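The values are calculated or read from the model by the stated rules, or taken from the named source; none is laboratory data. Since we're looking at a predicted model, the values are computed, not measured. Every residue, glycine among them, receives a Cβ derived from its backbone with ideal geometry; neighbour counts consider all protein chains shown. Accessible surface areas use protein heavy atoms only, side chains included; no ligands, DNA or RNA. Shrake-Rupley method; radii C 1.70, N 1.55, O 1.52, S 1.80 Å.
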4 protein chains.
Amino acid sequence: MGSIYGKNVKISVFGESHGQGIGVVIDNIKSGLFIDDEFIKSQMDRRRPGKNKFSTKRKEMDEYEILSGVFNGRTTGLPLCAFIRNKNNKSRDYSNIKDVFRPSHADFTGYIRYDGFNDYRGSGHFSGRLTAPIVFAGSIAKLILKEKNINIKSHIKRIKNIKDVSYMDMENIKKDIKEVDFPVIDYDVYTKMKEEIDIARNKEDSIGGVVEVCIENIDAGIGDPIFETIEGRLAKGIFAIPGVKGLEFGMGFSLADYYGSEVNDEYDYKDNNVITKTNNNGGILGGITNGMPVIFSVALKPTPSISKEQNTINKDNQNVKLKTYGRHDPCIVPRACVVLEAITAITILDILYGY
Amino acid sequence: MGSIYGKNVKISVFGESHGQGIGVVIDNIKSGLFIDDEFIKSQMDRRRPGKNKFSTKRKEMDEYEILSGVFNGRTTGLPLCAFIRNKNNKSRDYSNIKDVFRPSHADFTGYIRYDGFNDYRGSGHFSGRLTAPIVFAGSIAKLILKEKNINIKSHIKRIKNIKDVSYMDMENIKKDIKEVDFPVIDYDVYTKMKEEIDIARNKEDSIGGVVEVCIENIDAGIGDPIFETIEGRLAKGIFAIPGVKGLEFGMGFSLADYYGSEVNDEYDYKDNNVITKTNNNGGILGGITNGMPVIFSVALKPTPSISKEQNTINKDNQNVKLKTYGRHDPCIVPRACVVLEAITAITILDILYGY
Amino acid sequence: MGSIYGKNVKISVFGESHGQGIGVVIDNIKSGLFIDDEFIKSQMDRRRPGKNKFSTKRKEMDEYEILSGVFNGRTTGLPLCAFIRNKNNKSRDYSNIKDVFRPSHADFTGYIRYDGFNDYRGSGHFSGRLTAPIVFAGSIAKLILKEKNINIKSHIKRIKNIKDVSYMDMENIKKDIKEVDFPVIDYDVYTKMKEEIDIARNKEDSIGGVVEVCIENIDAGIGDPIFETIEGRLAKGIFAIPGVKGLEFGMGFSLADYYGSEVNDEYDYKDNNVITKTNNNGGILGGITNGMPVIFSVALKPTPSISKEQNTINKDNQNVKLKTYGRHDPCIVPRACVVLEAITAITILDILYGY
Amino acid sequence: MGSIYGKNVKISVFGESHGQGIGVVIDNIKSGLFIDDEFIKSQMDRRRPGKNKFSTKRKEMDEYEILSGVFNGRTTGLPLCAFIRNKNNKSRDYSNIKDVFRPSHADFTGYIRYDGFNDYRGSGHFSGRLTAPIVFAGSIAKLILKEKNINIKSHIKRIKNIKDVSYMDMENIKKDIKEVDFPVIDYDVYTKMKEEIDIARNKEDSIGGVVEVCIENIDAGIGDPIFETIEGRLAKGIFAIPGVKGLEFGMGFSLADYYGSEVNDEYDYKDNNVITKTNNNGGILGGITNGMPVIFSVALKPTPSISKEQNTINKDNQNVKLKTYGRHDPCIVPRACVVLEAITAITILDILYGY
């Protein structure tokens, strides 16, 4: 229980990092949608590793085969299954972690949860590689949302103490992103952030960061109070992405620094439209959209895979030292952007069902 | 769609702040549980307003009547409905907001969502008052979890820039909380935090804060990867609580400030037990518990109800000024603690179904 | 787990036959619906016992109090809770069954399932009395479906070997029902059926029967293949009604008596409309409506409560004789009609969500 | 929405009759289960067409590839995907039904539901071929249930007016089935039933029938009242199987022919065991198992595919004549047995989660 998601539009994710492959079944998408392979591939490319020195050197082309649900180039409305067969699965890389639990990875918890039967190679089903089918499904969701004029985008908000500006300022939403593989709004932080990542790589260490996501053009009045809030539903999806440890809407934790009078979003009727003068609540009040862009930020921890020696235990409960080798990202944040957009798109598509 | 929660153990919340009352149906609790009214009342009391100057002066005794599911003082295993009849519902207090949307409240979003038919009095179903039945259900959940030795507690981690210590340090989990209605670990911050709230009240303003929750004695190996992570499931519940705008597990957003080598939780086999030397991940890896206490922090925004004049619009889309009167908490954080514990207990009980 | 129903429009049923009362929470009904008490009461009356000699003499007025979700006489769109307080709960009637399991009742299975903690009085939560809140919710659903021109009705298709005609013949759908409390299409069978029930009552015995339900004016193209067929979704609801042991769509079991060429429903384009010349499939093909009325038949077993002496066991596993007294229906079929219509209406309303 | 099934153990079915292939993802099966390919193949073989003259001549070897969830020959506990690539997909066979709706098939309803975008070839996702992945998943479920000593079996109860004896008589449960591909308890009816099928085939017509399923050794006390009854949950699954139009538990519709005193199942304490002297309720009371075998019967309509000329309409709403050719079963009942067992096993496994 854990790899099926959604209420009305559902996705079912399967596969392992070093098994036959990875895939996704999408249930209940609209019929007649043109499968825009060029767009889907552009999205898959944003997540794909091995493109440059900022990501792992492991190369995966991530070519998908559509096994069902498409006929004459369009969705049938029935379950769409896409499968990505693994090609570059060098299992020997992982022989040294067969019996030793990498700190802050899922090795130990997966071992306990599945009585040692789970596929440990490359983290198996826990691998970040499982986000590839999520990006595939997210691309389909984005294509459908586009028809409703809804757009989902993201940028790197912070790497270490280098901070980009925020989507909470409406002006920043309009700005173009120069580099799709390393999206920042204020291009001045681009080089500085890359430098921080370089430092981490040179140390054979890793760093995390914060991504900010924006949902543009979602109507007011979407969502429900209490247990089906937009925040709660998005949160369920966002925490599915490996490495996510924090989530805040609008100003989030910073709201605790101010008085109500300083951060309440005042309404304004302007140009035949209800807006709020600020968007500190990230476009959601009482769990329901207020017509402003939905904005939230996601904290990603540093990749736990580092080459430095660490203390840990093995399957015999012995305290041991571990040095992991292999091909790891010093920072997954740039690649995480499209993944977070994807799960956001899938969730919003599901939420919109019935409206 | 929005007021039913849970997968196997479910709760269904109903009612309005100024209607007949508020209540909850709990579906699929174990049979034979002794209804410990004293304990339940002690929990309800922690949430109840009007006890002291730190909360709203509105007095509600929150006396519940159990309408079903209890026989001879014990749960039958069949749906338990508890109902709290409203007593102190002075509707006239809210006549001035009938046509004007309070900034950062759900007035506008509820109006749009329900085509103007929702009960606006005292925020209706959006009212923080709806957390009373959640605390009732949480008390039942806590009683069941107690039998499994699982304990859920919380403290005020931050009010403005006054910070308490964290449960991430195991020593702090063991410390006694002196004042259950205003729980802090380091008693030195107690007075300072109260002073900050006093300042806000005197300004007729409001402030938010951060609560940290701890789940003690939960086994390793609970949870699932990807879409049913412990983080995702808790998040769905936590964001149901009015005013919550952020959530982080363990170090959360701070993880982005460090290198992997600095924050990875190294394992240690000690006293016949697997522990981690630090608990920066808040007891969860790959969505599954690792045997350490589960720790998370919740950001609560300042109550939007303030007495200061604010700009807003009315139902005719006219820009107007609003001054709200009435009985409001300058800071809901102290009362929110037991509510966050309650939804945590309900969620954990549901997660444990099947283990 | 068992008393919450539905996917998008949900109902949560609670209460016991001899406890405080019985009730229902309806989640996610449209806002603005006028609560037509006269209509609701007319539906409740069709189910209410004690009206005549064909039903139990136990009198329950079944007066509901709406505890939430209605404001100024209309639904708010937020959870609607209705509660019926028990008045006529003479618990002493049931003292003789406290320790003895009535054959074909839920006494034994409930006792095992809930470790003896369930309320045995009058079958507790297993009582047919729990269908009263279902009829309440069904009335609300019918009011909403009426706005879409969808009508749900039923008649007694069979009592013993006395058979009414069928809705599978379109002409019969148009005919008026004379006696709403004992609905038959062919009035000739009315007296004969009543005579059969009289015979059973005079024998202090009970009889079952078959009810046929018709959903008029449901569009073609509603439903899904495989796991969310109209048949499967209705079945889930229909088997919730106590005493139901069989369900068939259209000709159902009789289809096994014919060749395909004899029972295939041929299409005909007539008066600018696609119809089928026969409706042997009950309006559903591949799990999806074809535009014809949806027709199904439900088998109800004889009430297990009879006054004849029966062999059974007690809680000490001793073989004993049992004679039950009390107020029982010799035949629940007439009262079951409105209950089956109600659960049908609730299910169809849920299915239509998203179309 | 329609191809994902289950509450805690879930299956997600995908594929089309004449597309790339068909498959299933199983979510939340226990880890460590040995994949007994021999057993799985024996089950797949029972469903496989083309083996003999009683089924369609279309040959499909139905060889599955396991794409995920199995490591070193055992289940990992993570999603198991099995895929059967289509080999014998002669699309030209179906060109004549591209624009014409076959009576009593899903052609018309699928066309309306999916705006004409669904894959019509060989019924696409509506094809009986989709039961192959269900049988695969059912085999896995059976392997797990075997460990709990639960056994699921079935026999052909009726073909036309040729009737086999029933599992309601405990003696019949113990009897061996001689011919697994055409299971009957009383071997005397074997030849007669086959003759009836022969007659239908010679007429280029089709016939339906009734299958009776038995779940042996399921404990008393499993299930829930009202909306999660064993009957309701099984019904949801059973009606997923193409061609099913009726379902009855125990005596089902026949219960309406008797007085309560004639059919109530009296309890008996015998050999340290609670049994009922008869099993007219099919092992379920109040929605909960009573410890007797769970017995139910399923009505299957005659395959709508017949070679006789029929009246129908085309996509332009013109009344036309249709003669379908191709390879069809004159009677799907023998092959349906293993399919009904499979969905029963999947459902029971899901129901048992949490016990």
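Is there a simple number for the mean count of other chain Cβ atoms within 10 Å of the Cβ of residues in B:292-305, and what is it?
For this peptide, the per-residue mean of nearby foreign Cβ atoms is 4.
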task = Work out the length of the dipole vector of the protein assembly as shown about its Cα centre, built from +1 on the beta-carbon of each Lys and Arg and -1 on the beta-carbon of each Asp and Glu, and round it to the nearest 20 debye.
result = 0 debye
inquiry  = Considering only C-alpha atoms, what is the centroid distance from the range B:296-354 to the range B:132-148, in Å?
reply    = 22 Å
note = Sorting A:Asn149, A:Phe136, A:Val189 by the position of each Cα along the dipole of the range A:136-275 (Lys, Arg +1; Asp, Glu -1; all at Cβ), the one nearest the positive end of that ordering is A:Phe136
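Per residue, how many Å² of accessible area does chain A show with a 1.4 Å probe?
33 Å²
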request  = Take each of the peptides A:154-163, D:310-319, average the number of other beta-carbon atoms within 10 Å over its residues, and list them starting from the highest.
outcome  = A:154-163, D:310-319
ask   = How crowded by other chains is B:312-321, given as the mean number of beta carbons from other chains within 10 Å of each beta carbon?
value = 3
ask   = Taking only Cα atoms, what is the 0 to 90° angle, nearest 10, from helix A:333-352's long axis to the longest principal axis of chain A?
value = 50 degrees
ask   = How far is helix B:37-47 tilted off the main Cα axis of chain B, in degrees rounded to 10, range 0 to 90?
value = 60 degrees
query = Listed here are the pairs A:Lys10/A:Lys277; A:Lys98/B:Lys148; B:Lys30/B:Lys153; C:Lys245/D:Lys146; which of them are more than 25 Å apart at the Cα?
reply = A:Lys10/A:Lys277; A:Lys98/B:Lys148; C:Lys245/D:Lys146
ask   = Summing +1 for each Lys or Arg and -1 for each Asp or Glu, what net charge is found among the other residues whose Cβ lies under 11 Å from the Cβ of A:Asn161?
value = +2
key: Shielding of A:98-111 by partner chains, average beta-carbon count, 10 Å   = 6
key: Position A:Asn317, label points 7 Å along Cα→Cβ, spacing to each other copy in nm (shortest first, one decimal)   = 3.9, 7.0, 7.6
key: Amide H partners (placed H, <5 Å) of C:Ile288, local residues excluded   = C:Ile230
remark   = In terms of the charge dipole of chain A, which places +1 on Lys and Arg and -1 on Asp and Glu at the beta carbon, the residue among A:His328, A:Asn273, A:Ile241 farthest towards the positive end is A:His328
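Could you list the GluC sites (Glu not before Pro) in the range A:207-287 that lie in coil according to DSSP, counting only those with at most 14 other Cβ atoms within 10 Å of their Cβ?
Filter output for the range A:207-287: empty list.
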query = Which of D:Ser261, D:Pro79, D:Pro49 sits farthest toward the positive end of the charge dipole of the range D:4-352, with +1 on the Cβ of Lys and Arg and -1 on the Cβ of Asp and Glu?
reply = D:Pro49
key: Neighbourhood charge, 15 Å Cβ-Cβ cut-off, centred on B:Thr289 and excluding it, Lys, Arg +1 and Asp, Glu -1   = -4
task = Run the accessible area of chain B with a 1.4 Å probe and give the carbon-and-sulfur part as a rounded percent.
result = 44 percent
note = Note, C:His125: beta-carbon cut-off 12 Å, +1 each Lys/Arg, -1 each Asp/Glu, net -1
note = The computed P(r) of the range A:4-352 puts the percent of Cα pairs beyond 32 Å at 33 percent
remark   = Within the range D:130-194, DSSP-loop GluC sites (Glu not before Pro) with at most 15 other C-beta atoms within 10 Å are D:Glu179
query = At the nearest 100 Å², what buried accessible area, both sides summed, do you get for D and A when the probe is 1.4 Å?
reply = 3600 Å²
query = What residue of chain C sits with its beta carbon nearest the rotation axis taking C to B, and at what distance in whole Å?
reply = C:Ser12, 2
remark   = extent check for the protein assembly as shown: Cα max minus min per principal axis, descending, whole Å, gives 83, 68, 67
query = Against the longest principal axis of chain A, how steep is helix A:131-147, in degrees 0 to 90 to the nearest 10, with axes from Cα atoms?
reply = 20 degrees
query = Taking the label point 7 Å from Cα in the Cβ direction, how far apart in nm is D:Gly73 from each other copy of itself, listed shortest first?
reply = 4.9, 5.8, 7.5
request  = State, to one decimal in nm and shortest first, how far the label point of A:Asp198 sits from each corresponding label point in the other identical copies (label point: 7 angstrom along Cα-to-Cβ).
outcome  = 5.4, 8.6, 10.1
request  = For n ≥ 4 DSSP H runs only, could you compute -39500 (n - 2.57) per run for chain B, divide by its residues and tell me the 222 nm figure to the nearest 500?
outcome  = -7500 deg cm²/dmol
query = Which value in nm describes the separation of the simple spin-label points at D:Lys87 and D:Glu171, placed 7 Å from the Cα toward the beta carbon?
reply = 4.6 nm
ask   = Among C:345-351, A:270-276, how do they line up from the highest to the lowest mean number of other beta-carbon atoms within 10 Å?
value = C:345-351, A:270-276
remark   = The distance between the Cα centres of the range D:1-45 and the range A:159-193, in whole Å, is 45 Å
